1. Output the helices (runs of 4 or more DSSP H) that fall wholly within segment 56-155 and possess 1 or more residues being in contact with a Phe, Trp or Tyr (Cβ under 9 Å, 6 or more places away or on another chain) and within 29 Å of ASN8 (Cα to Cα), or say none.
2. Collect the residues in segment 32-62 that are exposed (fewer than 15 other Cβ atoms within 10 Å of the Cβ) and closer than 12 Å to HIS78 by Cα, keeping them in residue-number order.
3. Just to be sure I understand, how many residues within segment 170-207 are part of a loop (DSSP other than H, G, I, E, B) and more than 20 Å from ALA139 (Cα to Cα)?
4. Would you please list the contacts, defined by Cβ atoms under 7 Å and residues six or more apart or on different chains, that run from a residue in segment 192-204 that is more than 13 Å from TRP12 (Cα to Cα) to a residue that is among the hydroxyl-bearing types (Ser, Thr, Tyr) and at pLDDT 95 or above?
5. Looking at segment 154-180, which of its residues are closer than 23 Å to ARG190 by Cβ and within 17 Å of the chain's Cα centre (by Cα)?
Amino acid sequence: MTTQELLNALRWRYATKIFDPAKKIPDDIWQTLKQALVLTPTSYGLQPYKFLVIESLAKRAELLPHSWGQKQVVDASHFIVFTVQTKVTQAHVDRLINHTSHVRQIPPDFLNSYRGMMLGDLVSGPRSKIAHEWAAHQAYIALGNLMTCAAVLGVDACPMEGFVPAEYDRVLGLNGSGYASVVCCALGYRSANDKYAGLAKVRYETSDLMSVV
């Protein structure tokens, strides 16, 4: 991919308002987008989230009234709810340490300093009180990564904060699970009737948003 092709994909991308419900994402592209989510970087590498892919049309219909009536929920090819841990515990840290030990073939004790850093920050440190907010930031990194990869692959996307998290948590059975919904993303292909697709993208000049210090 050239630099111009990347910029063209980002200029083509927009928050799709109307999806064509008849057009589905091919499986090979969907598998790639799933892996893009998994490969997203996170602070400490803790990956404090789970991505719920809502395949059930009945479940999507149940979520629609709690989504400000946005039809993307039911019309998109794929609909993802990003959920994050409500707190970070020692068990979460130890799971990562053990998994890292296994993947990199090193003794867990070699990671004691790293383990202590995470425990002292997110489990017992000041940020333990805002661990849910910290986890939500990680989910937004994943969301941005997903939307960029989707654009490169010619897949439309719409990030969605317009929903009632408490109702989503109820419908999706998240209460008491240690996870809570924070943001969603609809994916698929734009409808020919979406009047927003052809509108000029409105952005400030680079010089207005970026400076060198």
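The values are calculated or read from the model by the stated rules, or taken from the named source; none is laboratory data. Please read these numbers as outputs of a predicted model, since none were measured by experiment. Cβ atoms come from the backbone with ideal geometry, glycine included; neighbour counts cover every protein chain shown.
1. Correct list: 72-75, 131-152.
2. VAL53, GLU55, SER56, LEU57
3. Our first condition is that a residue be part of a loop (DSSP other than H, G, I, E, B); within segment 170-207, this holds for 172-178, 189, 191-194, 199-205.
Retained after the next criterion (residues that are more than 20 Å from ALA139 (Cα to Cα)): 189, 191-194, 199-205.
Final tally of qualifying residues: 12.
4. ASP194/THR16
5. Within segment 154-180, VAL155, ASP156, ALA157, CYS158, PRO159, MET160, GLU161, GLY162, PHE163 qualify.
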